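Enquirer: Mind having a look at this structure? Questions to follow.
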Amino acid sequence: MISVEEALDKVLSYLEVLEPERKPILDCLGQVLAEDVYSTIDIPPLDNAAMDGFALRAEDTCGAGESSPVYLTVVGEVAAGSMPTKDVKRGTAIRIMTGAPLPQGADTVVQFENTDEVSRKSSRKDLSHIAILCQVKKGLNVRCRGEDIANSNLVLEKGRVLRPQEIGVLASLGCSTALVIRQPIVAILATGDELIDVDQPLAPGKIHNSNTYTIAAEVSRYGGIPKILGIGRDSIQSLTEKIDEGLDADMLITSGGVSKGDYDMVKDVLAERGEIGFWTVCMKPGKPLAFGVIKKMEGDRRRQVPHLGLPGNPVSSMITFEQFARPAILKMMGKKILKKPVIQAVIENDVLATDERRLFVRVNVTKRGGQYYASITGNQGSGILTSVAKANGLAVIPENSNGAKVGDKVEVQMLDWGEERGEVKTWPIVAIVGRSESGKTLLVEQLIAEFKRRGYKIAALKHSHCGDIEVDQPGKDTWKFAQAGSDAVCISSPRKLAFIKKSDHDLRIDEVLPIIGNEFDLVLVEGFKKSKLPKIEVHRQELGDDLLCSPEELSAIVTDGSLDSPLTDNYKLPILSWVDTAAIADLIEKNFVLNR
Ligand code: AMP
Ligand code: MG
């Protein structure tokens, strides 16, 4: 049995990035740019108005206000798409529409709302003058030439995946076509005497061919072009004919016929035609998998068509597609990120490990109180396609585990998230919150000691409500630098690093974490009760029964008394004793410490 990683490495080692082709930009969505794109123009091409209003000289508005209007002579009008025919001189203005080029002499646009334009128009007053009702700074409401893209700059680099916004950028540069890596053509063959196509009535013993459709839809979703070969029957002749039809494709995907049944002939036909490996992959569902290359002569050239033989069971076929065919297609398209985004979620059902294979469990992921939860979507049989239809993720239970228990943290591949979303960063972090004097500081101290005993590298972070933080004492150099007005003071010694930076707001945790770095096994936070961090609230009996945070935000409660509120029943919140540091550390370890 080979591991999922070994199987994927082998598949990918047979595939090359395809060659580039030039095509209309609208046909390039989701494809990888195969050239650097430089601009040959400035965007915008000229200084222009960002608002409907009056183009004028900022100087002329000096002293203007609601009660002290400045009157300017309106010498013309310029609409978007035309060029100004007059200049703006001292004491004059030109009526200008959004996007219209700024007239010579003007440096600013005052929007209509800050003039008497509307009242003047409604009272049919003379429009040859305008009252400016506020003083403005030079450059207001002016979009400068080249402020978006300057001529001859590199705008889109080779390797970029083209999304709607990149297609828009290409259009704004005046590119009607782009050079992109070609989309792979993927031939799809379903096999089996029991299969009937979707437009045919069912007959006894027969089932509809669903795999072709699932696979074709997957191929399209990941950017390939499906070429449907139909159904190959369980005979050498039928399979040979069908496979021949698929050999002009970039890859052939078959489903069925790779297990050990008497009629499973795909492997015999393929073994005859090329190099093929039959693998037992350490995964469930999807154990039998075939992969190889079919050799073919194209004129005098030998060509090899990679072939992936997926199992026939509809769920196995889809899950093996996700693990092997999807990255194969993405690689051929020149994409760099082949991995599905993975999140950490709390599993809401027990999962039994039946043998030593990696389990892919169909789950529905929801987010509640800053935490992902994964619940199993029903019958996990490899023929139950509806339980994949209900799922938005695949929980991955490692082969060497004993399964998972309710409440365990598991990795989930998010089926509907694009690869570009990348791996969602999860931090091994938990906040200990509680009212003042609840005992949270002491608990953090005890937890630090406990985790140090367990061999962890710990970062502790405190949220302070007071403005001043003292790290070093008054009179020390760092203190003097800070006193002198330095915005950041850093002191580094062979043994310590301390960093103080002035801030104009109460920093959010996501602004603080990058400074702390990611070298720690666990970040213990005291406070930050308003953040979306996973939280454990410290409750102290003598301060009353009310909690600081709402129960759905919390991962656990630690108390020095007893809390027999409906909290435990309704929210299934673990309640731990304040003195039992080891139990609290166990809970943190199980839920928030990753990859240990
Ligand atoms: P096989 O791998 O050919 O032994 O097929 C395993 C199971 O998957 C059998 O119950 C098949 O009927 C079913 N199966 C195979 N191919 C398809 C298909 N294209 N659509 C739906 N079910 C299929
Ligand atoms: Mg079959």
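Enquirer: Give the separation of the Cα centroids, region 90-151 to region 211-239, in Å.
Expert: Computed from Cα coordinates, the inter-centre distance equals 62 Å.
Enquirer: Working from the pairwise distances between different alpha carbons, so that the mean of 1/r is found and then inverted, what is region 65-160's Kirkwood radius in Å? Provide the component values of the computation, followed by the final result.
Expert: Values: mean 1/r = 0.0659 Å⁻¹.
Taking the inverse mean of 1/r over all distinct Cα pairs, region 65-160 comes out at 15.2 Å.
Enquirer: Ok, one more. Going toward the positive end of the dipole of region 465-547, with +1 on Lys and Arg Cβ and -1 on Asp and Glu Cβ, which of 499, 481, 509 do you reach last?
Expert: 481
Enquirer: Output ³J(HN,Hα) for region 444-450: one whole-Hz value per residue in order, computed from phi by the Karplus curve 6.51 cos²θ - 1.76 cosθ + 1.60 with θ = phi - 60°, and x for Gly and Pro.
Expert: Per residue, the Karplus-derived 3J(HN,Hα) values read 4, 4, 5, 5, 4, 4, 4 Hz.
Enquirer: So which GluC sites (Glu not before Pro) in region 1-50 are both in a DSSP loop and have at most 16 other Cβ atoms within 10 Å of their Cβ? If you can, show how the numbers build up before the last one.
Expert: Working: sites: 5, 6, 16, 21, 35; in loops: 16, 35.
Taking region 1-50 and a limit of 16 other Cβ atoms within 10 Å, the loop GluC sites (Glu not before Pro) found are 16, 35.
Enquirer: Any idea what Rg and Dmax come out to for region 248-329 if you just take the C-alpha atoms, in Å?
Expert: 12.9, 43
Enquirer: Over 32 Å between C-alpha atoms is what I'm after, so list which of 23/227; 339/452; 452/530; 339/440 land there.
Expert: As for pairs spanning more than 32 Å Cα to Cα, those are 339/452; 339/440.
Enquirer: Kindly state, to the nearest 0.05, the FRET efficiency for residue 488 paired with residue 530, given R0 = 22 Å and r defined as their beta-carbon distance. Walk me through the numbers on the way to the answer.
Expert: Working: r = 25 Å, r/R0 = 1.13.
The value I calculate is 0.35.
Enquirer: Also, I was wondering about something else. Can you check what the Kirkwood hydrodynamic radius comes to for region 464-596, Cα pairs only, in Å to one decimal?
Expert: 17.9
Enquirer: What residues have an amide H closer than 5 Å to that of residue 108, excluding those fewer than 5 places away on the same chain, when H is modeled at 1.01 Å from N in the peptide plane?
Expert: Distant-sequence amide H within range of residue 108: 56, 58, 139.
Enquirer: Charges only on Cβ, +1 for Lys and Arg, -1 for Asp and Glu: so what's the dipole of the chain about the Cα centre, in debye to the nearest 20? Kindly include the intermediate steps, with their values, before the conclusion.
Expert: Numbers: 73 positive and 83 negative charges, 154 e Å.
The calculation lands at about 740 debye.
Enquirer: Specify the inter-centroid distance of region 299-345 and region 242-258, based on alpha-carbon positions, in whole Å.
Expert: A separation of 14 Å, based on Cα centres.
Enquirer: Residue 457: which aspartates and glutamates have alpha carbons under 12 Å from its alpha carbon, excluding same-chain residues fewer than 8 sequence positions away?
Expert: 519, 521
Enquirer: A further question on this structure: Straight-line reach from residue 501: which lysines have Cα under 20 Å away, leaving out those fewer than 8 places along the same chain?
Expert: 462, 476, 480
Enquirer: Loop-only check: which GluC sites (Glu not before Pro) in region 487-596 are DSSP coil with at most 12 other Cβ within 10 angstrom? Show your work: numbers first, answer last.
Expert: Working: sites: 511, 519, 526, 537, 542, 552, 553, 589; in loops: 519.
When the GluC sites (Glu not before Pro) of region 487-596 are filtered for loop state and at most 12 Cβ neighbours within 10 Å, 519 remain.
Enquirer: Return the aspartates and glutamates within reach of residue 390: Cα separation strictly under 17 angstrom, same-chain partners fewer than 8 residues apart disregarded; answer none if there are no such residues.
Expert: Result set, ordered by chain and number: 218, 322, 348, 416.
Enquirer: For region 296-425, give the magnitude of the charge dipole about the Cα centre (Cβ charges: +1 Lys/Arg, -1 Asp/Glu; no others), in debye to the nearest 20.
Expert: In debye, rounded to 20, region 296-425 gives about 500.
Enquirer: Taking every eigenvalue of the Cα gyration tensor of region 365-412, multiplying by 5 and rooting it, what semi-axes result, largest first, whole Å?
Expert: 19, 16, 8
Enquirer: A further question follows. Along the Cα→Cβ direction, 7 angstrom out, place labels at residue 260 and residue 503. What is the inter-label distance in nm?
Expert: 6.2
Enquirer: List, in the order given, every pair from 10/206; 242/331; 206/405 whose Cα-Cα distance in the structure shown is over 29 Å.
Expert: 10/206; 206/405
Enquirer: Right, next: How large is the direction-averaged shadow of the alpha-carbon convex hull of the chain, in nm²?
Expert: 42.9
Enquirer: Here's something else I'd like to know. Using amide H atoms built in the peptide plane, which far-off residues or other-chain residues are under 5 Å from residue 334 H to H?
Expert: 18
Every read-out reported here was derived from the displayed coordinates using simple, explicitly stated rules and does not represent laboratory data. These numbers come from a predicted model, not from an experiment. Every residue, glycine among them, receives a Cβ derived from its backbone with ideal geometry; neighbour counts consider all protein chains shown.
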